[in-house]
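The values are calculated or read from the model by the stated rules, or taken from the named source; none is laboratory data. Just so it is clear, the model here is predicted, and its values are computed rather than measured. In this analysis, Cβ positions are derived from the backbone assuming ideal geometry, glycine residues included, and neighbour counts consider all displayed protein chains. These accessible areas exclude ligands, DNA and RNA; they are computed on the full protein's heavy atoms, side chains included. Shrake-Rupley method; radii C 1.70, N 1.55, O 1.52, S 1.80 Å.
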Amino acid sequence: MSVMPRPSVLSVEPYVGGESKVPGVNRVIKLSSNEGAFGPPPGAIQAIAEAAKEAHRYPDGGATALREAIGARFGLDPARIVCGNGSDEILAMLILAYGGEGTELVMSAHGFMMYDLTGRWAGCRVIKVPEKNLTADVDGLLAAVGPRTRLMFLANPNNPTGSILPQSEMERLRRNLREDVLLVLDSAYAEYVTRPDYDAGAKLVDAGGGNTVMTRTFSKIYGLGGMRLGWCYAPPAIVDVLGRVRGPFNVNSAAMVAGIAALSEPGWVEKSVAHNTEWRGKVTDALTAAGLKVWPSEGNFVLVDFGDAARAKAADAHLRSRGLIVRAMGGYGLAQTLRVTIGTAEECTLVVEALTEFARGR
Ligand SMILES: *Cc1c(COP(=O)(O)O)cnc(C)c1O
């Protein structure tokens with residue numbers, strides 16, 4: 001006899017992150033994990049170095065200063081904010097606290113993979129709802145809800161498709177969703193959205209049902225993926241639950257000061273958004289002109305569609321031979337596509353050149 005984990009654990013494949021190396025290639029350009037184009041904000045680098053001197057001290061388990069800084073920046077009550085070791089940790093805490101054996105978790109077919117992996121770990125039955133035009137289908141999501149459904153996850157904009165639902169659709173979803181189903185709005189890419197009617201989720205949390213949570217991250221526009229820092233805005237009863245289940249020191253000291261510094265870095269978000277909008281447009285236009293299909297995106301990445309899996313694989317190999325690492329999407333049921341992060345101007349130009357060459361060559 002040997003020790004065995006709960007059966008649901010073995011149903012989960014280990015998460016494979018974006019790669020960062022190509023054998024035999026010296027200089028690689030990593031455009032596989034949607035990390036911000038400009039690296040960490042200078043003020044955050046400074047803050048992390050300073051924090052090293054106090055590394056023997058336990059962090060503030062309540063993340064008070066960080067929650068106050070987030071609250072001030074986004075106009076939210078700090079008492080309704082919970083911080084996590086990446087927003088992934090918050091997603092996991094919500095799933096383990098509200099889902100588990102005998103429950104169902106509903107998500108969109110090409111939604112973020114961690115909902116599926118963590119949902120299955122927890123023992124939930126994960127229901128993936130077909131999309132329309134690579135966009136979440138509100139009617140389909142609502143129709144998938146059954147008596148055992150406890151959780152629904154929706155990233156808006158979504159990774160990896162880049163698609164977005166208008167605020168009216170988000171409101172319709174919440175309005176028609178049973179009150180005892182927790183709706184988790186994952187707004188990891190909120191800062192990149194330039195649509196005037198967009199709300200990252202706080203409005204629906206504030207609408208008062210007590211059953212909606214917004215999650216956010218410092219890993220994308222704030223360039224702090226390596227620090228592992230995310231947060232959520234939640235109704236008081238859910239804040240209470242997260243306070244019970246989270247580790248007492250789940251966010252480390254360096255991450256907290258880096259996050260505070262990143263929020264106050266002058267012009268950081270504005271510069272990043274302007275760059276992203278410009279280069280996402282340029283990459284889209286250039287690849288379209290080269291005869292490739294590029295799905296519209298509201299995030300800091302584009303999904304390039306090669307029509308079939310073999311051609312996408314060949315394109316990936318072509319990019320790799322030039323040291324360009326993007327993300328293959330087989331794990332998302334989109335093997336005919338590659339997801340390309342919007343990097344610096346130079347990085348975008350290299351991707352466009354390589355893919356144009358690829359498209360012309362066939
Ligand atoms: C990157 C990403 C996250 C994870 O963010 P962390 O804060 O780094 O854990 C969550 N949701 C989506 C949709 C993402 O793309």
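For the residues Ser20, Ser253, Ser187, a GNM of the chain with alpha-carbon springs under 10 Å puts the largest fluctuation on Ser20. Multiplying each eigenvalue of the alpha-carbon gyration tensor of region 210-340 by 5 and taking the square root yields semi-axes of 35, 19, 15 Å, largest first, rounded to whole angstroms.
Rolling a 1.4 angstrom probe over the chain with all protein chains present gives an accessible area of which 56% lies on carbon and sulfur atoms.
Taking only the C-alpha atoms of region 104-171, Rg followed by Dmax gives 11.4, 33 Å. Measuring only protein heavy atoms, the 1.4 Å probe finds Glu171 accessible over about 70 Å².
Restricting attention to region 42-264, close to 35% of DSSP beta bridges with both partner residues there are antiparallel. Would you give the gap between the C-alpha center of region 92-164 and the C-alpha center of region 306-362, rounded to a whole Å? Distance between centres, Cα-based: 28 Å. Ranking Met152, Met1 by solvent-accessible area of protein heavy atoms (1.4 Å probe, all protein chains present), from largest to smallest, gives Met1, Met152.
Give me the orientation-averaged projected area of the Cα convex hull of region 1-50, in nm², one decimal.
On the way: hull surface 32.2 nm².
For region 1-50, averaging the hull's shadow over all directions gives 8.0 nm².
Summary of packing: across the peptides 49-57, 63-71, the per-residue average of other C-beta atoms within 10 Å ranks them, highest first, as 63-71, 49-57. Could you work out how far the C-alpha centroid of region 34-77 sits from that of region 219-285, in angstrom? So the separation of the two Cα centres works out to 9 Å. The charge dipole of the chain, taken about the Cα centre with unit charges on the Cβ atoms of Lys, Arg (+1) and Asp, Glu (-1), comes to about 660 debye, rounded to the nearest 20. Among Gly119, Gly208, Gly39, the largest mean-square fluctuation in a Gaussian network model of the chain, built with springs joining Cα atoms closer than 10 Å, belongs to Gly208.
Estimated from helical segments only, the mean residue ellipticity of the chain at 222 nm is -11500 deg cm²/dmol, where each DSSP H run of four or more residues counts as -39500 (n - 2.57). Rg and Dmax over the alpha-carbon atoms of region 42-264 stand at 17.1, 54 Å. Which one, Ala254, Leu165, Leu154, projects farthest toward the positive side of the charge dipole computed for region 42-264 from Cβ point charges (K/R +1, D/E -1)? Ranked along the dipole, the leading option is Ala254.
Evaluated at q = 0.26, 0.28, 0.31 Å⁻¹, a Debye calculation over the C-alpha positions of region 54-106 (equal weights, vacuum) places log10 I(q)/I(0) at -1.02, -1.07, -1.14.
In terms of the mean number of neighbouring beta-carbon atoms within 10 Å, the peptides 351-360, 283-292 order highest first as 351-360, 283-292. Report the paramagnetic label zone for Asp240: residues of region 150-191 whose backbone N is under 18 Å from a point 7 Å from Cα along the Cα-to-Cβ axis. Residues 180-182 fall inside that zone.
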